[in-house]
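Quick notes on the structure that follows.
The values are calculated or read from the model by the stated rules, or taken from the named source; none is laboratory data. Being a predicted model, the structure only gives us computed values, none of them experimental. Heads up, the Cβs are rebuilt from the backbone with ideal geometry, glycines too, and the neighbour counts pull from every protein chain shown. Accessible surface areas use protein heavy atoms only, side chains included; no ligands, DNA or RNA. Shrake-Rupley method; radii C 1.70, N 1.55, O 1.52, S 1.80 Å.
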Amino acid sequence: ERGHGPYQPHEPGYGLDQPGYSPYDDQIPDPKARMLAIQNAKAYLLKTSTRSGLNLYDHLANTLTKVLDEQPANTVDIIESISEDVKWAQFRKKMDTLRDEHQILPAFEAAEKYKALFIKEKGEENENEETEEEIGQPSLPNVMETAFYFEQAGIGLNKDESYYIFLSLKNLISVQPIQTCRFWGKILGLEMNYIIAEVQLREGEGEEEEERGGELTEEAEKEMGEVEEEDEEKEKEPEPPKSTYKPPPDVPREQDGTGTNKYVYFVCNEPGKAWVKLPPVTPAQIVCARKIKKFFTGRLDAPVVSFPPFPGNEANYLRAQIARISAGTHVSPTGFYQFGNEEEEEEEEGDTYEENPEFEPPPVAEMVDSLAAWAHHVKGILKQGRCVWINPQKSEEKEEEEDEEEEEKSEGGEEQQEETGPPLLTLISEDEGMKDIPAWTAQPSTNLIPEYSVAILQSNRWPGAYAYATGRKFENIYFGWGHKYSPENHTPALPLPAQAEYPRGPEISETIDPTVEEELAFKAAQEEALAGAEEEEDEGEDEGEDD
């Protein structure tokens, strides 16, 4: 048997017999390195959070202090809640014994915001009944019914917001002289959103506002005239040459109640806030809105920085986009509307129609399978920016004298060609698609119970535009950013080339400076010519003397 002799290197007792040897020397680190590691770890724990401003070292110390002070049972099971309580105590407001600062919860702020919508004023019921009797139909739309049908397809807002909008439209009708009202939709913005109401004012209301606006403009023109006269008296200097350039005439906007200005639109950022009336849209704003793509901010007075420059602020841009979306996406079941007179149908220029009492609603399956079951009931917008084309040159020539008319006709070029668009109540099956994407997509609200489903129509050209139809009921709505879909990326228009500073040609171009040899040759030729002329004079004098 082997005794306790010298151990082999692979055996545990190897080296114990040697003096000064300890088996734990390799496990004890260097004290300097150990202190450095401790300092680095503590520095890491003391790092301050960029969100809350706290550090983990103090948080762990406070948590352990709380555990030791309270000594709860099953600490390991509730350590997370203890940590959360310690962290929450750091952000809790300090209460004063004399005056406490009560925390306002978000739910309380929202309740205070919508509180005014639920207040019912005295005599409001009688006024609404009288107005409905005068008009013959209720002007307040049933927003909750529309929200119910769109909810079948997962479209729309939540019930609370829909009801707030319902009450907000009720307040709008009680303040403004509105004949018909409809919830148009909601356009999203970067800072705030726009809730839009489409209304028709009573007859004579819009004309009064236009007359007031005309009076203000006349007063402003008088003031401007007085200022110009004063400037002319002060500065009697020679005027610079006037430009002969005549800008192209502005296309006049369509009158209220027709074309793009058929309806009046009111907007607000949230239900309960004041409604703001949008200005009428002009053809120049619609033409420019087609060339730009800007997100809305939610502030009507915000400038629209774009190229080409937009003629107006965000309120005008919003109104132009509303007109474009309405013209392209407002549809109804085919045959629901009809023209009142045959003459209007032949002219295809009138935008008046009436409900067809003999309309028989098709089944939902037919409206989903065939796009010919839907038709546009809003007239399309031409490239000119109007629904009905007009020649601006002729409108200006009527105001001028006959002599000036003849001069303009002789100097002017070719007249503008008249534009024609699709007639009213055109089937949506004739709409052009975008490459391989159709313009519309129709589908039922459910395939599980087809007998109780609703026909849902979605616009692919304007994402966010929807329509539903069931029986004799239908409605259009929009929820989106207010942008048109384009299969390619948006490319802004390039600026026009710089105008020439002056006309170029051989008549006004500078000649090349002559060389020294050319100058000497020119001088020699001049001297020869002078010498020849002197000789001829001398010969003439000699002949005269001989005679």
Legend entry - Answer residue from region 444-485, given it is under 21 Å from Ser162 (Cβ atoms) and among the charged types (D, E, K, R) and is most open to solvent (accessible area, probe 1.4 Å) among those: Lys473
Inset, instruction - Test Ala465 against the criterion of being touching a Ser or Thr at 6+ places or on another chain (Cβ under 7 Å) and under 30 Å from Glu355 (Cα atoms), and give yes or no. - result: yes
Legend entry - Those residues of region 301-337 which are without any contact (Cβ under 8 Å) to a residue 60 or more places away in the chain, in a loop (DSSP other than H, G, I, E, B) and buried (at least 19 other Cβ atoms within 10 Å of the Cβ), in sequence order: Val304, Phe310, Gly312
Inset, instruction - Please find, among Glu70, Glu130, Glu121, the residue that is of a type in the set (Asp, Glu), modelled with pLDDT of 90 or more, over 26 Å from Lys186 (Cβ atoms) and over 35 Å from the mean Cα position of the chain (by Cα). - result: Glu70
